1. Between beta-carbons, use under 10 Å as the cut-off and find the net charge around residue 57, counting Lys and Arg +1, Asp and Glu -1.
2. Once the Cβ-Cβ distance between residue 157 and residue 22 is put in as r, and R0 is 41 Å, what FRET efficiency do you end up with, to the nearest 0.05?
3. Write down the Å³ per residue value for the convex hull defined by the alpha carbon atoms of segment 115-209.
4. Got a sec? Charge dipole of the chain, +1 on Cβ for Lys and Arg, -1 for Asp and Glu; which of 61, 100, 44 is way out at the positive end?
5. Summing -39500 (n - 2.57) over the DSSP H runs of n ≥ 4 in the chain and dividing by its residue number, what mean residue ellipticity at 222 nm do you reach, to the nearest 500 deg cm²/dmol?
6. Heavy-atom accessible area of residue 40 with all protein chains present, probe 1.4 Å, nearest 10 Å²?
7. Tell me the Kirkwood hydrodynamic radius of the chain in angstroms, computed as one over the mean inverse distance between distinct C-alpha pairs.
8. Set Lys and Arg Cβ to +1 and Asp and Glu Cβ to -1, take the dipole of the chain about its Cα centre, and tell me which of 179, 211, 86 lies farthest positive.
Amino acid sequence: MFEAFLERLAADVAARGGTALTLPQGLDAADSSRKQGRIRSQAWQLPGIARLRATRLDAGAAVQVLNAVAYPDHDREQPLLGIDLLSFGTRDKLVAVMDFQPLKQEPAYLEHYLAPLRRLQGSYPAFAAGEEMRSYDANRYFSPWLLFARGTISTLQDPLAAAFGQLLDAYWAMHDAQIPNPALRAEVAALQLDYDIYSAEKDPAHGLFCSYFGKEWADRFVHEFLFPGSATPVAVAANKGAGR
Ligand code: BLA
């Protein structure tokens, strides 16, 4: 089911004039030597978006994933687009998170950028049940109106398919309404860097990557592809300072 979602995302990227970015050697695809599983990733640049990345993990009925993040150009302080969809077929379990991930938590910022997401959440009660976060801090780079559910595939798959398309439409509409401001560059760059460092530290997927593709590949994937800001010298120095 997530393959159709990825196709929809890729079609939107193409319609917006996106161009493919080159991935670090060996991170565009990997096959598990331990269990049945294949991971594939792509990234694009498009007008106003410095980097949109997307990953599909296909491990048959055990687990299916679509994960994607859009990083706007630094002259835009708008939220990142964040998507994390996981389905565990053998357990009839689905976890879906879709958000406009805010760089700031100030009420004026949230009201300005998140009104469309708030409306969308209002139309999908299944994704507005206040599902609890265990590894992330819900107040850091997540919005109060994110679409988030853990439940069965049978109950969530139809609303998810409908909500996914509407989420993309809403994100592009918000994106198109922004006027870039070069004065924002330094601040937005610093906030996006912090997002990468924080996300690399908290991402609950590392264990899953290790179990399929080994620790060495998993570490590279997290720091060089998913959250490349977490591999910059400033991030490495910060982590050393924190004793990690
Ligand atoms: C949760 N994401 C999870 C979990 C896994 C992944 C295994 C735990 C499942 C659970 O909580 O029930 C898996 N994350 C992945 C995989 C990739 C990944 C396979 O990045 C592969 C690329 N996570 C994101 C983004 C968002 C996000 C962009 O990467 C934003 C929408 C959210 N994932 C997110 C949240 C949870 C989650 C909020 C619940 C974690 C928690 O309870 O704190």
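The values are calculated or read from the model by the stated rules, or taken from the named source; none is laboratory data. Given the structure is predicted, the values throughout are model-derived calculations rather than measurements. Cβ sites come from the backbone with ideal geometry, for glycine too, and all protein chains shown count toward neighbours. Heads up: the accessible areas ignore ligands, DNA and RNA and are worked out on the full protein's heavy atoms, side chains in. Shrake-Rupley method; radii C 1.70, N 1.55, O 1.52, S 1.80 Å.
1. Result for the local shell: +2.
2. 0.75
3. 135 Å³
4. Value computed over the given set: 61.
5. -12500 deg cm²/dmol
6. Residue 40 has an accessible surface of roughly 90 Å² with all protein chains in place.
7. 18.5 Å
8. The residue sitting most towards the positive pole is 211.
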